[in-house]
Amino acid sequence: MHQFDLKNKTAVITGGAQGFGLDIAKKFLSSGCKVFIWDIDEKELIKTNKEINNSNLNYNVVDVANFDQIQKAVNDITLKNKIDILINNAGITGPTAELWNYKIKDWNSIIDINLHGTFYCCKLIVPHMIKNNYGRIVNIASVAGKDGNANASAYSSAKAGVIGLTKSLGKELAKYNIAVNAITPAGAKTKILDQMSKEHVQWMLSKVPRGRFLEINELSSMVCWLSSEENSFSTAAVFDISGGRSTY
């Protein structure tokens with residue numbers, strides 16, 4: 001596996017206690033990065049911190065749908081550190097149901113976490129990156145944001161919003177040494193699949209020409225490159241990792 005140089009860099013990874021976020025954190029740490037993982041689940045954060053046992057790993061209990069919690073965490077981190085890398089990974093799929101049967105509470109929760117959370121984190125961290133004239137932001141969107149998944153209108157809408165946000169912000173920051181990109185993965189074997197019906201999971205798999213789910217390390221490898229100085233030109237772009245499901 002290619003090793004990227006992230007020495008002397010500090011990263012914030014939302015939803016970092018498990019799944020994609022945790023694997024990204026491990027790869028960053030092995031590349032010499034100082035990592036702050038944010039998650040709403042304090043037990044998982046403590047468990048992860050003990051298991052990894054790396055002095056470069058730090059954690060904060062943060063609900064990305066809560067602007068004030070993010071602001072406090074950013075203020076605490078920037079007292080002693082620059083934030084060079086932001087990975088907006090925290091997300092939920094919510095229940096599977098037709099749009100007209102979707103509960104407003106569920107809809108709002110999915111939009112708050114997936115889209116508003118990404119906006120809040122960028123809004124609070126980008127000014128620090130501008131000040132330092134350096135930054136790498138990777139937003140974990142979804143193939144659902146490109147294609148739209150039936151019975152997942154809220155999730156599809158939120159991830160489409162993340163893609164639009166990425167394109168806008170990337171252009172706004174193009175004059176700085178700050179790259180903003182999104183990744184659109186197909187389904188992967190993470191706990192997020194547990195939120196979906198078996199029928200919906202099987203439908204997702206049937207759409208992938210590769211005939212399998214995405215491996216977590218495949219996504220984290222792409223994130224590492226996008227987060228490194230080697231990515232010196234690509235910005236406001238969407239990188240597909242859907243096993244051939246989407247070809248644009």
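Bear in mind these aren't lab numbers, they're just calculated from the coordinates by the rules spelled out. Note that the structure is a prediction, hence the values are computed from the model and not measured. We place every Cβ from the backbone using ideal geometry, glycine too, and count neighbours over all the protein chains shown.
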> Going by alpha carbons, how many degrees (0 to 90, nearest 10) lie between the helix axis of 117-132 and the longest principal axis of the chain?
Replying inline: 30 degrees
> Pairs K50/K131; K82/K159; K27/K207: which exceed 32 Å Cα-Cα?
Replying inline: K50/K131
> Please state the relative contact order of the chain as a whole percent: Cα pairs under 8 Å, 6+ residues apart?
Replying inline: 19 percent
> Listing S142, S156 from the residue with the fewest other Cβ atoms within 10 Å to the one with the most, what is the order?
Replying inline: S156, S142
> At 222 nm, what helix-only mean residue ellipticity would the chain give, in deg cm²/dmol to the nearest 500, using -39500 (n - 2.57) for each DSSP H run of four or more?
Replying inline: -13000 deg cm²/dmol
> Going by how many other beta carbons lie within 10 Å of each one, how would you line up T166, T247, T10, T184, fewest first?
Replying inline: T247, T10, T184, T166
>> Using each residue's phi in region 75-81, evaluate 6.51 cos²θ - 1.76 cosθ + 1.60 at θ = phi - 60° and report the 3J(HN,Hα) Karplus result to the nearest Hz, with x for Gly and Pro.
In response: 4, 5, 5, 6, 5, 10, 9
> Where Lys and Arg each count +1 and Asp and Glu each count -1, what net charge lies around A236 among other residues with Cβ under 12 Å from its Cβ?
Replying inline: +1
> For labels at F119 and I52 in the simple 7 Å Cα→Cβ model, what's the distance in nm?
Replying inline: 2.9 nm
> So how do D41, D68 line up by other beta-carbon neighbours within 10 Å, fewest first?
Replying inline: D68, D41
>> In whole Hz and in residue order, list the ³J(HN,Hα) couplings for region 15-27 that follow from phi through the Karplus curve 6.51 cos²θ - 1.76 cosθ + 1.60, θ = phi - 60°; x for Gly and Pro.
In response: x, x, 8, 7, x, 4, x, 5, 5, 4, 4, 4, 5
> Looking at A237, G21, N139, which one has the Cα that reaches farthest to the positive end of the dipole of the chain (charges on Cβ: Lys, Arg +1; Asp, Glu -1)?
Replying inline: A237
>> Let's see if you can work this out: charge +1 on each Lys and Arg Cβ, -1 on each Asp and Glu Cβ, no other charges. What is the dipole magnitude of region 1-152 about its Cα centre, in debye to the nearest 20?
In response: 580 debye
> PRE reach from S109 (point 7 Å along Cα→Cβ): which of region 49-85 fall under 16 Å by backbone N?
Replying inline: 63-66
